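For reference, the structure is listed below as structure tokens.
The values are calculated or read from the model by the stated rules, or taken from the named source; none is laboratory data. All values derive from a computational prediction rather than experimental measurement. Every residue, glycine as well, gets a Cβ built from its backbone with ideal geometry; the counts of neighbours run over all protein chains shown. Ligands, DNA and RNA are stripped out before the accessible areas are found, and what is left, the full protein with its side chains, is counted by its heavy atoms. Shrake-Rupley method; radii C 1.70, N 1.55, O 1.52, S 1.80 Å.
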Amino acid sequence: MSHQQELHGEVFYPPEHIVAQANLPDYEAQHQAMLADLAGEWGRIAEENFEWFAPWEKTLDESQAPFYKWFVGGKVNIVHNALDRHLKTWRRNKVALIWEGENYDQRSLTYHQLAREVCRFASVLRAMGVQKGDRVTIYMGRVPEIMIAMLACAKIGAVHSVVYGGFSVEALHERIEDSQSKVVVTADGAWLRGKVVQLKKIVDEALLRSPTVQTVIVVKRTGEDVHMEPGRDLWYHELMKLPIADAGCHTEIMDAEDPLFLLYTSGTTGKPKAILHTHGGYMVGVATTLKWVFDLKEEDTWWCAADPGWITGHSYIVYAPLLLGVTSVMYEGAPNHPFPDRWWDIVERHGVTVLYTAPTAIRGLMRFGDAWPNRHDLSSLRLLGSVGEPINPEAWKWYYRVIGGERCPIMDTWWQTETGNFMITPLPVTPLKPGSATKPFPGVDVEIVDEEGDPVAANEEGYLIVKRPWPAMLRTIYGDPDRYVKQYWERFSEPEKGKFIYMTGDSARRDEDGYIWVIGRVDDVIKVSGYRLGTAEIESALVSHPAVAEAAVIGVPDEVRGSVIKAYCILRAGVEPSPRLVEELREHVGHEVGPIAKPSSIEFVEKLPKTRSGKIMRRVLKARALGQDEGDLSTLEE
Ligand code: WT7
């Protein structure tokens with residue numbers, strides 16, 4: 001890319017050698033080509049880079065919009081492309097996964113070894129009666145078996161539903177119930193900061209009310225004593241020793257539009273929604289975005305430090321790296337355990353070339369000072385990445401200077417569980433502005449609009465929307481297609497004109513150079529340390545406690561975590577407020593939803609600001625908490 005265009009503000013240009021080797025050298029040409037012929041370009045990419053059992057008849061079917069279909073009639077299996085096809089080449093002996101436990105346990109698996117484990121566990125699942133289309137809940141820490149279990153499901157056409165190991169009883173129960181899973185794959189526990197998270201115990205509690213589950217398969221990670229329910233619970237390592245763990249399991253031939261996984265995410269109502277992704281479009285989208293944005297080459301060592309339990313982990317720990325045939329690192333534990341240089345130690349020892357993490361982690365590690373990273377040789381790094389929330393320029397610059405040694409461009413990728421892959425992001429050739437996710441990925445047609453849906457002027461804030469479909473987009477909310485339409489498509493679409501607009505739920509502005517600055521959520525979603533939480537989930541956990549009559553929660557800014565939760569509770573008659581009750585309520589939310597959802601502060605109040613129709617005005621609470629103007633109060637009850 002040439003530097004002819006004079007850019008405003010502080011700009012960081014990519015080094016020449018990075019530009020020279022970029023997998024996609026000409027962003028603008030590719031973007032324009034894709035906007036001009038979306039189906040044609042994606043069709044070409046899908047054909048050139050993947051093996052299909054049978055070709056598709058139609059690349060993009062818009063006839064049922066917003067229920068879009070991609071590669072209609074095509075036969076494929078994402079696991080065939082992520083594993084099976086590599087076994088025919090020298091890549092069979094290449095390391096697919098370098099795993100490191102928090103206690104420094106080490107394991108690595110070649111493509112051959114990983115494919116074999118996946119085959120064997122897929123056979124076990126089949127023997128347990130799991131069939132094509134069945135849902136399997138996976139609830140585990142960051143261990144290779146989570147990847148093996150996900151891929152084994154996909155291989156036999158089962159639909160995995162991974163629940164993040166940081167969620168707790170009620171959250172897990174709801175997700176098992178909603179997906180009607182017959183099988184749960186879990187572990188006895190997981191290591192975090194030298195302590196054991198008792199996953200199996202949480203599963204046992206969640207299953208008390210989930211009669212659909214017939215089988216629980218338990219990976220032994222910590223070796224601590226756990227309860228094993230006779231007739232229901234089986235050890236993974238024992239099953240894998242039996243003849244049913246057959247390494248000859250065939251890969252199911254799937255329709256491109258067959259479901260691959262469900263992933264629950266928080267929205268504006270209490271009930272979490274199951275975002276559904278499919279084999280064909282998702283495969284094409286995640287691999288292409290990773291290849292172009294992080295510029296991965298055969299010899300790279302890629303480390304996405306997210307958790308496989310979130311979309312970042314699904315797309316960029318499990319599927320995309322394997323589709324590209326690269327070597328990945330997975331680390332089990334906390335970034336500051338036993339010392340704040342654990343990550344930098346991992347980068348050095350494994351020779352990581354591309355590191356992808358979240359602003360909250362960067363800010364957290366930045367607090368420990370430069371000495372920790374400085375004692376490590378981080379010269380293997382070539383590119384860096386950020387995801388989850390806007391990255392503040394201060395953290396961006398620290399990451400750039402101290403971790404990247406001023407050599408490594410930072411890819412600030414904006415996307416969502418729903419989008420499946422990166423949507424607004426630099427490429428290695430893009431001049432960077434700290435805090436901006438820069439430009440749409442090629443072919444992604446975004447706009448920033450006002451209340452009426454009209455584009456806003458440069459530098460003005462508005463709703464971030466997407467105007468054209470993309471292959472890895474969500475297909476629906478599992479079991480609730482109406483909610484899918486309402487949540488994402490109703491606000492700005494004009495179906496009578498055949499116009500469908502995807503609403504992201506974020507606000508953003510575009511500067512005079514066309515750079516996009518994502519501001520944050522405009523709905524009742526709060527990002528705590530990059531984790532997505534709905535106000536309603538936390539509020540319903542609070543009111544499920546006998547002391548609480550009503551509750552409202554808001555996000556307030558926090559230097560490290562981005563936002564933290566502040567809760568307001570009206571107590572039931574006769575209940576006295578006390579510091580002990582605050583602690584009890586925090587623990588209660590931790591038990592119901594998960595430790596990440598615990599409010600940082602709880603205030604007991606007599607009343608909550610409500611509209612005349614009875615809706616809590618969180619906006620007013622937030623303004624009060626931040627000492628800001630309360631804005632238009634005309635709808636307030638009194
Ligand atoms: C929300 C989606 C996509 C993987 C992780 C999050 C926020 C995400 C960025 C970014 C500013 C960002 C948005 C978005 N977000 N990445 N680079 N800059 N904001 O997935 O849990 O579905 O959350 O995260 O608010 O809507 P998710």
task = Give, as residue ranges, the strands (runs of 3 or more DSSP E) completely inside segment 512-558 that count at least 1 residues that are within 9 Å of the ligand (Cβ to nearest atom) and touching a residue at least 40 places away in the same chain (Cβ under 8 Å).
result = 516-521, 525-528, 531-534
key: Of the criteria (1) surrounded by 13 or more Cβ atoms within 10 Å (Cβ to Cβ); (2) touching a residue at least 60 places away in the same chain (Cβ under 8 Å); (3) more than 16 Å from the ligand (Cβ to nearest atom), which one residue 626 fails   = (1)
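Report yes if some residue within segment 449-459 is under 21 Å from the mean Cα position of the chain (by Cα), modelled with pLDDT of 95 or more and open to solvent by less than 10 Å² (accessible area, probe 1.4 Å); otherwise report no.
Initial filter on segment 449-459 (under 21 Å from the mean Cα position of the chain (by Cα)): none.
No: segment 449-459 contains no residue that is under 21 Å from the mean Cα position of the chain (by Cα), modelled with pLDDT of 95 or more and open to solvent by less than 10 Å² (accessible area, probe 1.4 Å).
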message = Show me the strands (runs of 3 or more DSSP E) found entirely inside segment 53-119 where at least 1 residues are over 30 Å from residue 338 (Cα atoms).
response = 58-61, 69-72
ask   = Among 333, 369, 351, which is the only one that is of a type in the set (Gly, Ala, Ser), open to solvent by 10 Å² or more (accessible area, probe 1.4 Å), away from the ligand (no atom under 16 Å from the Cβ) and under 30 Å from residue 151 (Cβ atoms)?
value = 351
query = Would a scan of segment 492-502 turn up a residue that is in a strand (DSSP E or B), open to solvent by less than 20 Å² (accessible area, probe 1.4 Å) and more than 19 Å from residue 261 (Cα to Cα)?
reply = yes
query = open to solvent by 10 Å² or more (accessible area, probe 1.4 Å) and away from the ligand (no atom under 16 Å from the Cβ) - does that describe any residue in segment 300-315?
reply = yes
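Those residues that are of a type in the set (A, V, I, L, M, F, W, C) and more than 15 Å from residue 184 (Cα to Cα), I need them from segment 219-260; list them, please.
Selection gives 226, 240, 242, 244, 245, 247, 249, 253, 254, 256, 260.
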task = Could you please find all residues in segment 336-348 being part of a helix (DSSP H, G or I) and open to solvent by 20 Å² or more (accessible area, probe 1.4 Å)?
result = 345, 348
inquiry  = Any residue in segment 259-271 that is among the aliphatic types (A, V, I, L, M) sitting within a Cβ distance under 9 Å of a residue that is within 13 Å of the ligand (Cβ to nearest atom) and open to solvent by 30 Å² or more (accessible area, probe 1.4 Å)? List the pairs, counting only those 6 or more apart or interchain.
reply    = 263/310
key: Single residue of 356, 331 found to be modelled with pLDDT of 95 or more and in contact with a Lys or Arg (Cβ under 8 Å, 6 or more places away or on another chain)   = 331
query = Does any residue of segment 580-588 turn out to be assigned to a helix (DSSP H, G or I), of a type in the set (Asp, Glu) and open to solvent by less than 30 Å² (accessible area, probe 1.4 Å)?
reply = no
request  = Being in contact with a Pro (Cβ under 8 Å, 6 or more places away or on another chain) and over 21 Å from residue 560 (Cα atoms) is the filter; apply it to segment 377-412 and report the residue that is most open to solvent (accessible area, probe 1.4 Å).
outcome  = 407
inquiry  = Would you confirm whether or not segment 427-450 contains a residue that is polar (S, T, N, Q), more than 9 Å from the ligand (Cβ to nearest atom) and touching a helix residue (DSSP H, G or I) at 6+ places or on another chain (Cβ under 8 Å)?
reply    = yes
query = Which ones in segment 451-461 are away from the ligand (no atom under 14 Å from the Cβ) and either more than 24 Å from residue 500 (Cα to Cα) or among the charged types (D, E, K, R) (or both)?
reply = 451, 452, 454, 459, 460
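Can you tell me which residue in segment 577-596 is farthest from residue 192 (Cα to Cα), limited to those that are acidic (Asp, Glu) and without any contact (Cβ under 8 Å) to a residue 24 or more places away in the chain?
583
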note = Scanning segment 591-618 for residues that are small (Gly, Ala, Ser) and either modelled with pLDDT under 95 or farther than 19 Å from residue 556 by Cβ (or both) gives 594, 613, 614
task = Select, from 132, 182, the only residue that is farther than 22 Å from residue 305 by Cα, surrounded by fewer than 21 Cβ atoms within 10 Å (Cβ to Cβ), at pLDDT below 95 and in contact with a strand residue (DSSP E or B) (Cβ under 9 Å, 6 or more places away or on another chain).
result = 182
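Report yes if some residue within segment 44-52 is modelled with pLDDT of 95 or more, open to solvent by 70 Å² or more (accessible area, probe 1.4 Å), part of a loop (DSSP other than H, G, I, E, B) and acidic (Asp, Glu); otherwise report no.
No: zero hits.
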message = For the structure I just gave you, tell me whether residue 402 is touching an Asp or Glu at 6+ places or on another chain (Cβ under 8 Å), among the aliphatic types (A, V, I, L, M) and touching a residue at least 40 places away in the same chain (Cβ under 8 Å).
response = no
ask   = What tally of residues in segment 464-489 results from selecting those that are open to solvent by 40 Å² or more (accessible area, probe 1.4 Å) and either farther than 30 Å from residue 175 by Cα or touching a helix residue (DSSP H, G or I) at 6+ places or on another chain (Cβ under 6 Å) (or both)?
value = 2
request  = Go through segment 144-180 and count every residue that is assigned to a loop (DSSP other than H, G, I, E, B) and touching a Phe, Trp or Tyr at 6+ places or on another chain (Cβ under 7 Å).
outcome  = 3
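Residue 415: open to solvent by 10 Å² or more (accessible area, probe 1.4 Å) and within 15 Å of the ligand (Cβ to nearest atom), yes or no?
So residue 415 passes the test.
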key: residue 560 being open to solvent by 20 Å² or more (accessible area, probe 1.4 Å) and among the β-branched types (Val, Ile, Thr)   = yes
